[in-house]
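The values are calculated or read from the model by the stated rules, or taken from the named source; none is laboratory data. As the structure is a prediction and not an experimental result, all values here were calculated from the model. A quick note on method: Cβ atoms are made from the backbone with ideal geometry, for glycine too, and the neighbour counts reach across all protein chains shown.
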Amino acid sequence: MTNFGRKQSALFMASAAAAIMPATAAAQDAAPTSGDIIVTAQRQEQRLQDVPISVTAFGAEQLRDNSIETVQDIAIRTPGLAVSAVDPVNTNFSMRGIGSPPGISQNAGGDPSVVVFIDGVYAGRGGTPDLDALDLERVEVLRGPQGTLFGKNAIGGLVQFISRKPTDDTSFFFDATYGNYNRLGVSARGNMALTDNIYLSAGLSHKQRDGFEYNETTGNDVNDLNLTTGRIALRFVPTDTLDIILRADIAHQDQRGNPRHNDCDTSFNGGIHCVGINPDPRVVNAYIDGEVKRTIQTYSAEVNLELPSGTLTSLTALRKVKFNFVTPFFSNPINPPAQIESTSFGEEDNSQFSQELRFAFDAWDGRLKGQTGAYFLKENNDRVEGQIQDFPTPAGSGTGIYPQSVNARSVAVFGQVDFEIVPSLTATVGARMTWERKSGRFAGFKADSGPGLPPPLGSIGGYDVTGKKSWKAFTPRFALNWKATDDVLLYASVARGYKSGGFQGLSGTASGASTPYDPEFAWGYEVGAKTDWLDRRLRLNVAAFRTDYSDLQVSQLIPLCCVVVSNAAKARIKGIEIEAVARPFDGFQIDGSYAYLEAKFTEYSIPGLNYTGNRVPRSPKNKFNIGGQFETPIGELSAKLRVDYSWVDDAYFEASNIPQQLWPSHENLDARLSLSGPNDRWELSLWGKNLTDELTPTYVTYFGAFRQILTPYAPPRTYGVTVAFKI
């Protein structure tokens, strides 16, 4: 199908979905006549349909029925959310067109534009967790600036992972999976009461598979998987007013790397850098396989104390991440056995401690509700990154090392209140004040005796410098919502978001390494409607938004030098999002979403380049997904079929908008067929993902000087069988 045909199909199917199946994909776990799902998008428990924010939520049953294992699976089904990746563990979120490219988020002094919270704990670095072992109750995706209640770096939005709390029920769950590429997976979760007021839950998961790509040089499969995760939670409820939860989780990943496939820029008409390249995109020619090793540890203590005037919550957390990588990102045989090689390697050791105190109150017979609190975050990040350049001639070869050590501290106070002006009309006012400081030491030096030295050092002899900077930010929120009927909520909001400033880290010069870039800010304006119809068998949620960004942090790859980060841009983003679900009769459901996004730079000019008017990276104009689910009894058994299709318009990976860095339009088709026993005691399921075997790049790096396009790809067609038991 041509791009034009796909776009027309996207618009037609989305329009049809909006016309015939109003309801949100966020409430798919609920009964047909209820549709309720409880979320904590405003740091308090509320029905999804009562939250005046654009939120998509996935309950535990939906996560299972849709075979959702990764954040990429979530992005496929969420309007406004895109996920790219330069390697198997470092994902880059983009929400409504705003996200941090690798040049910013993957140095020691940078931060993301869309953040992740796990059971309320800010996960600043290290990637996202494995969903299998978390025993998730739900996943929430909040779109638009969330600077008031969630703070820094939620300028584009955020993703929350919320696990089940331990209870006094005794339960046990086990599943095992086998699939193509020798996919093997097992997970087990359990919950039990130790005493009348102490409850324990725990989970363990392991998954492994062969690689999706083949390295012709080494003869090995690469981009494989070997991941083990585990968690434990202990809950103590000594009185009716005190609830204490201690949580710990750990994930360990150790696998081969993800060498880039090299494509020759056809506009170059051949040349030395095109010789010997295998045209198969699932074949690479790297001199080594590389490696990815990652360990994530999170420990937290949550205390909830019910007082006569409200609820006091304390959340204390320690998070540690260790990450090692070796990535042969530029490998090309020329007149074998000679090779051209560029390799990135390094390790990162990150630790963060956070403390949050919140007080939620309810006064005047419910007419005044709100919360106030204080937040503290201390983060230490030590990163050593190196680059090896190996050309056939010694003059072009060498190794550069770039140690970075950054200490960051963030302190904030915040509050938000909802006041019922008249019955059914509520005004929301909130604000957050943040004070932040970063300091670091940055170095770059030559590490071998070869005459050549790779970018970004070039001919620079080396440097060892320090830098520090403090910032502050005020991020208010104003909203007005009208509960027109029990099933119709109309709202309008204005909110400000803030993303931390930082340091270049990997720089070509001493001044570049020690000079900070400033925070970026955004004002988000949104109007929306959340509606239920026909005894809540139909649901339609619609949001229209505009976001104005200033001091936008942008990164630019300078050929044969480095990635330069600066506050060089302003952007205006506007769009419409629709989420819908229809349950015309028991056992049958159709759901879907559609997003239209117009994201352009209103100002972006740096010496020698002018990108004003260009599209913001990773901002597809059109995106939609549609899914169908049918469940029917077969005697004492139950069968369920789920099919999901999504289509995403083309976009660009970089602000230059050159065709070599196009993110082409792509589609995805997933399906799952399950058979379960009485009371769901057991289940056998057959599943497939990316059934059309779409070849989708997850990032593109273009080296114009060498006419090389370096591309990692999303997983190919995968399928398998899973058997599960529960007690």
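For the stretch 609-626, check the following and say yes or no: at least one residue is small (Gly, Ala, Ser), assigned to a loop (DSSP other than H, G, I, E, B), touching a residue at least 12 places away in the same chain (Cβ under 8 Å) and under 29 Å from GLY501 (Cα atoms).
Taking every residue of the stretch 609-626 in turn, at least one turns out to be small (Gly, Ala, Ser), assigned to a loop (DSSP other than H, G, I, E, B), touching a residue at least 12 places away in the same chain (Cβ under 8 Å) and under 29 Å from GLY501 (Cα atoms).
Tally time: how many residues in the stretch 144-157 are within 12 Å of the chain's Cα centre (by Cα) and farther than 14 Å from ARG477 by Cβ?
Adding up the residues that qualify gives 1.
Working only within the stretch 598-635, note down all residues that are of a type in the set (Asp, Glu) and modelled with pLDDT of 95 or more.
Result: GLU598, GLU631.
Any idea which residue in the stretch 400-431 is modelled with the lowest pLDDT, counting only those that are buried (at least 18 other Cβ atoms within 10 Å of the Cβ) and of a type in the set (Phe, Trp, Tyr)?
So the residue we want is TYR402.
Show me the strands (runs of 3 or more DSSP E) found entirely inside the stretch 642-715 where at least 3 residues are surrounded by fewer than 20 Cβ atoms within 10 Å (Cβ to Cβ).
Filter on the stretch 642-715 gives 666-676, 682-689.
Return yes or no: is GLN371 surrounded by 20 or more Cβ atoms within 10 Å (Cβ to Cβ) and in a strand (DSSP E or B)?
Yes; evaluated as a whole, the condition is true for this residue.
Just one of the numbered conditions (1) touching a strand residue (DSSP E or B) at 6+ places or on another chain (Cβ under 9 Å); (2) among the hydrophobic types (A, V, I, L, M, F, W, C); (3) at pLDDT below 95 is not true of LEU669; which one?
Exception for LEU669: condition (3).
Just to be sure, is ARG282 under 30 Å from ARG231 (Cβ atoms) and either at pLDDT 90 or above or in contact with a helix residue (DSSP H, G or I) (Cβ under 7 Å, 6 or more places away or on another chain) (or both)?
Criteria not met by ARG282.
From VAL542, VAL564, VAL581, VAL527, grab the single residue that is crowded, with 23+ Cβ neighbours inside 10 Å and either within 26 Å of the chain's Cα centre (by Cα) or farther than 30 Å from TRP482 by Cα (or both).
Exactly one residue qualifies, and that residue is VAL581.
Would it be correct to say that SER470 is free of Cβ contacts under 8 Å to residues at least 60 places away in the same chain, polar (S, T, N, Q), in contact with a Lys or Arg (Cβ under 7 Å, 6 or more places away or on another chain) and within 17 Å of LYS570 (Cβ to Cβ)?
It is false that SER470 is free of Cβ contacts under 8 Å to residues at least 60 places away in the same chain, polar (S, T, N, Q), in contact with a Lys or Arg (Cβ under 7 Å, 6 or more places away or on another chain) and within 17 Å of LYS570 (Cβ to Cβ).
Based on what the data block shows, is GLU683 under 19 Å from GLY592 (Cα atoms), modelled with pLDDT of 95 or more, of a type outside the set (Ser, Thr, Tyr) and in contact with a strand residue (DSSP E or B) (Cβ under 6 Å, 6 or more places away or on another chain)?
So GLU683 fails the test.
Those residues that are among the hydroxyl-bearing types (Ser, Thr, Tyr) and more than 28 Å from GLY528 (Cα to Cα), I need them from the stretch 580-615; list them, please.
The answer is TYR604, SER605, TYR611, THR612.
Any residue at all in the stretch 377-399 that's among the aliphatic types (A, V, I, L, M), surrounded by fewer than 17 Cβ atoms within 10 Å (Cβ to Cβ), at pLDDT 95 or above and part of a strand (DSSP E or B)?
No - not one qualifying residue is present in the stretch 377-399.
Only residues in the stretch 290-305 that are under 30 Å from PHE345 (Cα atoms) count as the first member; pair them with residues that are assigned to a strand (DSSP E or B) and of a type in the set (Asp, Glu), Cβ under 6 angstrom, at least 6 apart or cross-chain, and list the lot.
The qualifying pairs are LYS293/ASP254; THR298/ASP249.
Across the stretch 440-478, what is the number of residues that are part of a strand (DSSP E or B), of a type in the set (Gly, Ala, Ser) and at pLDDT below 95?
5
Just need a number here: residues in the stretch 52-63 that are surrounded by 20 or more Cβ atoms within 10 Å (Cβ to Cβ) and either farther than 14 Å from VAL159 by Cα or modelled with pLDDT under 90 (or both).
3
With under 29 Å from the mean Cα position of the chain (by Cα) and aliphatic (A, V, I, L, M) as the only criterion, which of ALA479, ALA484 stands out?
Checking each option against the conditions leaves just ALA479.
What do you reckon, is SER646 touching a residue at least 60 places away in the same chain (Cβ under 8 Å) and touching a Pro at 6+ places or on another chain (Cβ under 8 Å)?
For SER646, the condition - touching a residue at least 60 places away in the same chain (Cβ under 8 Å) and touching a Pro at 6+ places or on another chain (Cβ under 8 Å) - is not met.
Give, as residue ranges, the strands (runs of 3 or more DSSP E) completely inside the stretch 131-232 that count at least 1 residues that are of a type in the set (S, T, N, Q) and more than 30 Å from VAL283 (Cα to Cα).
157-163, 171-179, 183-193, 198-209
Restricting to the stretch 296-311, give me the number of residues that are at negative phi and either among the aromatic types (Phe, Trp, Tyr) or crowded, with 17+ Cβ neighbours inside 10 Å (or both).
Of the residues in that region, 7 qualify.
Residues in the stretch 464-517 that are crowded, with 16+ Cβ neighbours inside 10 Å, under 25 Å from TYR549 (Cα atoms) and of a type in the set (D, E, K, R): how many?
4
Among the numbered conditions (1) part of a strand (DSSP E or B); (2) modelled with pLDDT under 95, tell me where SER638 comes up short.
Every condition holds for SER638 apart from (2).
Listed residues GLU579, GLU598, GLU603; which is over 18 Å from SER94 (Cβ atoms) and free of Cβ contacts under 8 Å to residues at least 40 places away in the same chain?
None of the other options fit; the residue is GLU603.
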